[in-house]
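The values are calculated or read from the model by the stated rules, or taken from the named source; none is laboratory data. Just so it is clear, the structure is predicted and the values come from calculations on it, not from any experiment. Virtual Cβ from ideal backbone geometry, glycine too; neighbours counted across all protein chains shown.
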Amino acid sequence: MRKARFGPGAAIGAVLMVAILAGLADEWDDEAREVFSPLTRDDFQIIVGQARVVDGDTLDVNGAPVRLFGIDAVEKGQLCQDTEGYDWNCGHRAADELARKLEGREVRCVVKDTDKYDRAVADCEAGGLSLNYWAVRSGWAVAYTRYSRAYENAEAEARADGTGIFAGAFMEPQEWRAKHK
């Protein structure tokens, strides 16, 4: 029987691999740490299943209400204005676009918290796509910086591109809710 031996090249390769991985870890920004931090805890919960869209930032996953973490979508009854100043129902459109994005795909949500309405607050993905990130980057939600800064860059990019609600004028969802209680 022949014993496997590794020469000095393998040792150098291993040291280089560790250095590369350490360098990548240093490159993680605060957004990535915040999004993936629940996976490093022993007590995290995952909700998996088919989802029904309740509104632009809330899902029903197999009967479990789930609020997308770190984002705030325009509300279903909320109107926005297009570039010409005409009102349009951006809240319904945000929910419709999220439903279209899901198109029957299984959703996987990593629960971070529970809100005052007893909904799981989670980072969710479908088909490898972060739904939280997608909603903000596509212009159907804003980064909810009151709770997280994870999606600030996605919002800045959507604003710069004039995507979704950022194509015209709108009231911040939190402000709209306060005025329409």
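I'd like to check something: does the stretch 137-148 contain any residue that is at pLDDT 95 or above and surrounded by fewer than 18 Cβ atoms within 10 Å (Cβ to Cβ)?
no
Any idea which of 113, 87 is out of contact with any Asp or Glu (no Cβ under 8 Å at 6 or more places or on another chain) and under 16 Å from residue 65 (Cβ atoms)?
Exactly one residue qualifies, and that residue is 113.
Enumerate the pairs (first residue in the stretch 96-121 and assigned to a loop (DSSP other than H, G, I, E, B); second residue anywhere and among the charged types (D, E, K, R)) with beta-carbon separation below 9 Å, excluding pairs fewer than 6 apart on the same chain, so at least 6 apart or on different chains.
These pairs meet every condition: 115/67; 117/67; 119/67.
Which members of the stretch 149-171 meet the condition of being under 17 Å from residue 56 (Cα atoms) and either surrounded by fewer than 14 Cβ atoms within 10 Å (Cβ to Cβ) or polar (S, T, N, Q) (or both)?
163, the sole residue that qualifies.
Yes/no per residue for (1) over 24 Å from residue 52 (Cβ atoms); (2) in contact with a strand residue (DSSP E or B) (Cβ under 8 Å, 6 or more places away or on another chain):
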site: 124; (1), (2): no, yes
site: 130; (1), (2): no, yes
site: 141; (1), (2): no, yes
site: 145; (1), (2): yes, no
site: 169; (1), (2): yes, yes
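Might you let me know whether the stretch 73-90 holds any residue that is assigned to a strand (DSSP E or B) and under 20 Å from residue 145 (Cα atoms)?
Among the residues of the stretch 73-90, at least one is assigned to a strand (DSSP E or B) and under 20 Å from residue 145 (Cα atoms), which makes the answer yes.
Give the stretch 134-178 a look and list any residue that's closer than 23 Å to residue 115 by Cβ, in contact (Cβ under 8 Å) with a residue 60 or more places away in the chain and either of a type in the set (Val, Ile, Thr) or assigned to a helix (DSSP H, G or I) (or both), or say none.
Matches in the stretch 134-178: 135, 136, 142, 152, 165, 173, 174, 176, 177.
Being under 13 Å from residue 54 (Cα atoms) and of a type in the set (D, E, K, R) is the filter here, so list the residues in the stretch 72-89 that pass it.
Hits for the stretch 72-89 are 75, 76.
Of the conditions (1) at pLDDT below 50; (2) in a helix (DSSP H, G or I), residue 4 clears all except one; give me its number.
(2)
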